[in-house]
Structures are given as structure tokens and as C-alpha cells.
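The values are calculated or read from the model by the stated rules, or taken from the named source; none is laboratory data. Keep in mind that what you see is a predicted model, and the values were worked out from it rather than measured. Please note: Cβ atoms are built from the backbone with ideal geometry, for glycine as well, and neighbour counts cover all protein chains shown. The area values use the complete protein model at the heavy-atom level, side chains included, leaving out ligands, DNA and RNA. Shrake-Rupley method; radii C 1.70, N 1.55, O 1.52, S 1.80 Å.
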Amino acid sequence: MRDRLVRTERVLRGVGAVAVVAVLATGCSPPELPLVAVGRGPGGDLRAVLRPCSDASHMEEVSIWHVANKSGRVDPGVLDGWSARPPQSVTGEQEISLYRPPRDWHGKARSAKVLSPVGFYAVEFVIGKRSVSDGDVLVKYSGINYFKVADIGRLAPGQWWVDGKVMNRTQFRDHADDAC
């Protein structure tokens, strides 16, 4: 332990504390990439497009969650979130409903019809490998999108909210490809 502290002190003096902290912070967690678009489907329903870096990549888990100030009251018609595991056959770009996972995915969602105007939502998928011994996912990277109801409420058909901006589907695909 003492040897490690001495080496760390030398590095801090030689490189600078800011650079070391930046390297340590980025090296500890898998990258979160802007690989998710949120918008309206042809029927006006809210959808998410998930675009992994490779068409051969299998999504281990897809999650949607709501972050808001806790009031203690849960409106049963408002989406609180869900998490599901797609079957192994699911690879490449996927378009899904925000309100529930596809039928053949393993997960449960409470019936919801609207989003809460309070707080924000996140849609995330994880690319990695499930550990045989403990069942945890060893994450290679995740695709993620954060949004508020106001961000997507004003979207016209064919527009998608991606990485804090409005894009069309082609722009989203190009943006995702650049992020990979």
C-alpha cells in the first residue's frame, strides 16, 4: 500500500492532479453514448430507437426510468419505468414503445399511458456480456438518452430528440455512427 501511495504522489507531482483525476474518472466506468432517439411513431405513440454500434451487438438490457422529486404519491397512469431483457435473437437497431417492452422480451411494466411533466426520463440499453457465475452484466458500453416531456412534446412526426437536439432519423443514425 505504501509503495502505491509513493507512486501516486510522484505521478501527481509530475503530471498534475487534474489530469490524473480526469484519467481515473473516465477509466472507471463504461462509456455512455448518444445511441438512443425518442420521438413519435406514425400513430403518434411515443417511441425510442435504439442503435447499437454494431448490427451484431446483442442488447443485454433495456431500461426506461423516471427521475423526479419524491412526492410519495404515484399516479397509476403515469410511466414510472421498466426494465427488460431482449431475447438473444434481438440485434441491431430496434424501435420500441416507451410505455412497455415488446412482448417477447423478459420484463414487466406497469400499465401506463402518459409521461410525467415533473422531472426527466432516461432510456438506456446495455451492450455487454452476462456473467455465468453471478448473472451480472459486464458492460462494454451503454446507449442513453435523457429527456423531459417538454423536449418531446413539441416534436413533429419524423423528428427525434437525440443528445439534447431535434434530429430526423438519418441525422440520428449519422450522429450515432459518429459516436461509435
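Within the full protein context, the accessible area of L138 is estimated at about 110 Å² for a probe radius of 1.4 Å.
Compared with the direct C-alpha span, the chain from E93 to V67 gains 6.8 nm at full extension, assuming 0.36 nm per residue. Only lysines eight or more places from K165 in sequence, or on another chain, were considered; those with a Cα closer than 20 Å are K148. Computed 3J(HN,Hα) for the stretch 54-63, one whole-Hz value per residue from the Karplus formula 6.51 cos²θ - 1.76 cosθ + 1.60 where θ = phi - 60°, is 10, 5, 8, 6, 9, 7, 6, 7, 10, 9, glycine and proline marked x. Computed on the stretch 85-165, with alpha-carbon pairs under 8 angstrom and 6+ residues apart, the relative contact order is 21 percent.
Rounded to the nearest Hz, the phi-derived 3J(HN,Hα) couplings of the stretch 34-47 under the Karplus curve 6.51 cos²θ - 1.76 cosθ + 1.60 (θ = phi - 60°) are x, 10, 10, 10, 10, x, 10, x, x, x, x, 6, 7, 10, where x marks glycine and proline.
You can think of it this way: the chain between E32 and N168 has 46.8 nm of extra reach, that is 0.36 nm per residue less the Cα-Cα gap.
For the stretch 164-180, 3J(HN,Hα) computed residue by residue from phi via the Karplus equation (6.51, -1.76, 1.60; θ = phi - 60°) reads x, 9, 8, 9, 8, 4, 5, 4, 4, 4, 4, 4, 5, 4, 5, 5, 6 Hz, glycine and proline entered as x. Rounded to the nearest 0.05, the FRET efficiency derived from the C-beta distance between D178 and D45 at R0 = 30 Å is 0.60. The label point for R103 and the one for V139, both projected 7 Å from the Cα toward the Cβ, are 3.2 nm apart.
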